[in-house]
Amino acid sequence: MKQYIIGGMSCASCQARVEKAAGAVAGVDSAVVSLLTNTLTVEGDPRDADIIKAVENAGYTAKIKGAQAKSAQGESAKLAAEEDALKDTTTPKLKRRLILSIGFVLALMYITMGYNMWGWPLPSYFMHNHLGLTLTQMLLAIAVMLINKDFFVSGFKSLFHGGPNMDTLVALGSSVSFGWSTFVFFRMCGMITNGASNMELMELYHNDLYFESAAMIPAFITIGKMLESMSKGRTTDALKNLMKMAPKTATILKDGKETVVSVDEVKAGDIFAVKPGEAVPVDGIVEEGTSAIDESVLTGESLPVDKGPGDKVSAATINSSGYLKVRATRVGEDTTFAQIIQMVSDAAGTKASIARIADQVSAVFVPAVIGISAVVLVIWLIVGAPLATALSHAIAVLVISCPCALGLATPVAIMVANGMGAKNGILFKTSEAMENAGKVQIIAFDKTGTITKGKPTVTDILPAEGNSEAQLLQSALNLEARSEHPLAQAVVQKAEEEHLSAQDVTDFQALSGHGVQAQQNGKTLYGGSMKSVQSRMKLDDSWVQKADALASQGKTPLFFVEDGRLAGVIAVADVIKEDSRSAIQQLQAMGIETVMLTGDNQRTAEAIGKQAGVQKVIAGVLPDEKEAVIRKLQQRGKTAMVGDGINDAPALTRADIGIAIGSGTDVAIDSGDIVLMNSKLSDVAAAVRLSRQALRTIHENLVWAFAYNVALIPMAAGLYRGISISPMWGAAAMSLSSFTVCMNALRLNLFDVHSSKHDKPLKHQALPETEQPVTACPLPAEPAKEEASMTIGVDGMMCEHCEKAVADSLKKIDGVVDVHADHEAKKAVVSFMKQPREEEMKKAVETAGYTYTGIIEENKEDTKMTKTVDIEGMMCEHCEKRVKTALEDVDGVVSADVSKDRKNAIVTLSRDVKDEDLKKAVEAQDYKVLGVHA
């Protein structure tokens, strides 16, 4: 993607012309122009010189965005260039022009209104001196027109290049007014020469002169343009404020000395110091010291977050108290802060689909208005009106028309909403994501790390008779302190919170899949699952019932035994986040159906689903099945997916809107259309709420822009009996139209994204299901592209964390692409591109601390036919997603591998599908098919 700064644009017609000119350059896949930021975003691989030449040939100027920073190295130079590009240089120029115009305009209005209409005094020389008064008006009008010559230069230049714009309407309106008035002046001179009396000139002087219109048209438009420029500048305040927060220097520690350097000189691995009150220069991990970090610039949260050794810190966050030594991990454009700025900036360079209607109208608007003006002139002359009256109506039509309001209606609202989102830690990657989030009818949530914290926590402590909670926890701590199992770490963390310290034990043993054991003061301590304890001793039925009750709630009961006597049970679970339930309730109140996807067994999944309050639970979903589930949900309505892991990436890409949790993996974040920096589910509801409000504002702007032109152009043409608008007041109306659109968009800054007070359910909700409720994965595992799988037996797994350990170990084998382990079924399904040797799998399982029991079943790879569809016009991952969805909806298509870089889609088929069917599916999404071949 390349971006260019465009100069000389004044309205939506200019935007359409630049897009058309750039789009015709060889190597350009697509071109999008933002009238708001005056940028051209090009997808493809054209030469910069060709793009600049094409834009200049269209009558505008172009330069590479950030070209001034090209020779400079580092992110700070790039940010400085970006900030400079957003700087409001237009408003000061317009203000100077307005100030210079005011004196001449007031003098002109004094003559035309004060003297002519109300008899205000003038020097005796001008009394009844109609030629002198006319000449004075001409000179004053010339002065105002010269001060505002940019309208005329731009307008006539665009007209001669075949792309008339708003400046053309202003230039034509003012020039025709001035030209006609000049003609009348010379006619008056001729009459005087032929002996006409002063009284005979009066009618021409009072009725046929339009010098005040010639001057007031550019003057009023300058006022409107200045107000518009000021309000447009405010819409990018959020982005400019972000850029100002970027750290400029860092304090590097080398050989015990502190050296202040430019942030661009910091390299990954460097140790730097952050003093109280300073901003963290780059992303890193705390090596030494503790402090509270204000992360509001990233998350919008005002409360500082405590940081210590091993914790991550991000660039631009503020160190509130202690002295920190930090090791740099991500620098330059790789920092979280730099990526946030890039996302917000890139979103401004994209276009929402709702803007297409306005763009189509804007492309022909100015030529149409010029045509309407000419027709109005002719019709008035045909019905017998004086030429001056006909010209007045024709000029009024020219200057009252406003293409700018149409062009700004969508982008100003999108930009303000993006800024509001960024302030609250909600990042929309594209304008399309902003538009579609509010239309979502179904939201599917991954469980682990999304609805839940993704980290086991002690939930219940049930001591046996004769034991206290503290005694049970101390005994469990003594035993689990040496274990590396995630469940053991949860017990240790709980004990530390209670300020307990582990006591020495001897003969510690981790029994693979069967718990842990140790000796303490002559006593044998043992901890494990209920099943493993039952193999050693008989448990009372009441404890079995308690364990079953805990398991039904999605918790894992750990039994602890001292010398053959039950000490008690500690339950551990991956608990739901504090805001998960309330967030899901908010979404349901908005009319959105909520679904939870998980690989857990049905019992555990239903327990978590009940706690979270989701309407539907789909359990037993393999990682590669999540995409298939999303596809099925999409048949019922527009679907969003919320996830945080690598295995969520295909589903995030498949969904209409992918929402990535900010604390998740880079792959998930890259796959998402929206990124939640706070990692809170309440921000999902906030994102939907903000999108809906932005859409409402866009609709208001579009209605205003269309209604203004539809109502006032006929009025200016004189179609409403008894109502007439002079060109001067037509210009005044036009100058306020764009300003109104911008100010309406700025109201979004007052919107509270977290308030559910005004939430309303969707009018069109998801279609009802036509089948029985799903109690397990609703779709069979769809064969992966060219993949095969086998099932192996694994003994010793006790929980989902054991499953993860087995899966992670098996994934390290060359050729293995995915693993789904099931501790209840004691098996793991291994998906691979290259079949692993059984010895490798056995070793991987045993390395993870579990027992390999052999191959249970083996599925042979399916053979499927493929076709390649060559496609032109794809520019980004969202284009790929649209094409992929369209192709996979074709009957007989198993999967589609779409790439904008290859410019094709490789389609896997379960049967022969006609080339024409594939072509129609792609072309229905507005892309061009160059050919289909096997």
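A few points about this structure:
- If you go through segment 279-334 and keep only what is farther than 22 Å from M420 by Cα and of a type in the set (G, A, S), you end up with A279, G284, G289, S291, A292, G308, G310, S320, S321, G322, A328, G332.
- A count restricted to segment 270-288 and to residues that are of a type in the set (D, E) and part of a strand (DSSP E or B) stands at 3.
- Residue match in segment 534-541 (condition: surrounded by 22 or more Cβ atoms within 10 Å (Cβ to Cβ) and not polar (S, T, N, Q)): no
- Residue within segment 749-771 that is in contact with a strand residue (DSSP E or B) (Cβ under 6 Å, 6 or more places away or on another chain) and not in a helix (DSSP H, G or I) present: yes
- Meets criteria (closer than 30 Å to E839 by Cβ, modelled with pLDDT under 85 and surrounded by fewer than 17 Cβ atoms within 10 Å (Cβ to Cβ)) for E786: yes
- Inter-residue pairs, beta-carbon under 7 Å, first closer than 16 Å to A417 by Cα and in segment 750-762, second part of a loop (DSSP other than H, G, I, E, B) and not aliphatic (A, V, I, L, M), 6+ apart: V753/N424
- Residues of segment 8-27 that are open to solvent by 20 Å² or more (accessible area, probe 1.4 Å) and not in a loop (DSSP other than H, G, I, E, B): A16, R17, E19, K20, A21, G23.
- Matching residues in segment 904-933 - criterion: being assigned to a loop (DSSP other than H, G, I, E, B) and surrounded by 15 or more Cβ atoms within 10 Å (Cβ to Cβ): V913, Q925, Y927
- Some residue of segment 683-698 being farther than 30 Å from F337 by Cβ, at pLDDT 85 or above and surrounded by 21 or more Cβ atoms within 10 Å (Cβ to Cβ): no
- You will find that of A470, A444, the residue that is among the hydrophobic types (A, V, I, L, M, F, W, C) and open to solvent by 10 Å² or more (accessible area, probe 1.4 Å) is A470 and no other.
- Number of positions in segment 474-495 that are touching a residue at least 60 places away in the same chain (Cβ under 8 Å), assigned to a helix (DSSP H, G or I) and closer than 20 Å to A805 by Cβ: 5
- Some residue of segment 872-890 being out of contact with any Lys or Arg (no Cβ under 9 Å at 6 or more places or on another chain), surrounded by fewer than 18 Cβ atoms within 10 Å (Cβ to Cβ) and not in a helix (DSSP H, G or I): no
- Residues satisfying the stated conditions in segment 617-651, i.e. modelled with pLDDT of 85 or more, in a helix (DSSP H, G or I), in contact with a helix residue (DSSP H, G or I) (Cβ under 8 Å, 6 or more places away or on another chain) and over 24 Å from H823 (Cα atoms): I630, R631, Q634
- Options A444, A413, A396, A385; residue that is in contact with a Ser or Thr (Cβ under 7 Å, 6 or more places away or on another chain) and outside any helix (DSSP H, G or I): A444
- Selection of segment 447-467 for residues being surrounded by fewer than 24 Cβ atoms within 10 Å (Cβ to Cβ) and part of a loop (DSSP other than H, G, I, E, B) yields K453, G454, K455, A464, E465, G466, N467.
- Scope segment 32-54; condition touching a strand residue (DSSP E or B) at 6+ places or on another chain (Cβ under 6 Å) and under 27 Å from T91 (Cα atoms); matching residues: V32, V33, N38, T39, L40, T41, I52
- In segment 891-902, the residues that are open to solvent by 40 Å² or more (accessible area, probe 1.4 Å) and within 15 Å of L918 (Cβ to Cβ): D891, D897
- Subset tally (residues that are assigned to a helix (DSSP H, G or I) and closer than 28 Å to E19 by Cα) for segment 423-436: 6
- S532 assigned to a helix (DSSP H, G or I), at pLDDT 85 or above and not aromatic (F, W, Y): no
- Residue list for segment 571-604, restricted to those being of a type in the set (G, A, S) and either under 22 Å from I461 (Cα atoms) or surrounded by fewer than 19 Cβ atoms within 10 Å (Cβ to Cβ) (or both): A571, A573, S582, A589, G591
- The single condition from (1) aliphatic (A, V, I, L, M); (2) over 34 Å from the mean Cα position of the chain (by Cα); (3) closer than 28 Å to D822 by Cβ that V894 fails is (2).
- Condition broken by A394, with the remaining ones in (1) surrounded by fewer than 24 Cβ atoms within 10 Å (Cβ to Cβ); (2) closer than 30 Å to R721 by Cα satisfied: (1)
- Here L108 does not fit the description of being surrounded by 14 or more Cβ atoms within 10 Å (Cβ to Cβ) and over 58 Å from the mean Cα position of the chain (by Cα).
- Test: residue in segment 500-523 that is in contact with a Leu (Cβ under 8 Å, 6 or more places away or on another chain), over 20 Å from L566 (Cα atoms) and not small (G, A, S): yes
- Exactly one residue out of P121, P92 is over 30 Å from H161 (Cα atoms) and either modelled with pLDDT of 90 or more or open to solvent by 20 Å² or more (accessible area, probe 1.4 Å) (or both): that is P121.
- Selected residue [open to solvent by 40 Å² or more (accessible area, probe 1.4 Å) and modelled with pLDDT of 85 or more] from G308, G269, G289, G256: G269
- Considering residues of segment 516-527 that are part of a strand (DSSP E or B) and free of Cβ contacts under 8 Å to residues at least 40 places away in the same chain only, the residue least open to solvent (accessible area, probe 1.4 Å): V516
- Summed over segment 309-321, residues that are more than 11 Å from G277 (Cβ to Cβ) and in a loop (DSSP other than H, G, I, E, B) total 7.
- Segment 148-175: number of residues that are in a helix (DSSP H, G or I), crowded, with 22+ Cβ neighbours inside 10 Å and in contact (Cβ under 8 Å) with a residue 24 or more places away in the chain: 11
- Condition met for A214 (of a type outside the set (V, I, T) and touching a Phe, Trp or Tyr at 6+ places or on another chain (Cβ under 8 Å)): yes
The values are calculated or read from the model by the stated rules, or taken from the named source; none is laboratory data. Not measured: the values here are computed from a predicted model. Every residue, glycine among them, receives a Cβ derived from its backbone with ideal geometry; neighbour counts consider all protein chains shown. SASA here: full protein model, heavy atoms, side chains in, ligands and nucleic acids out. Shrake-Rupley method; radii C 1.70, N 1.55, O 1.52, S 1.80 Å.
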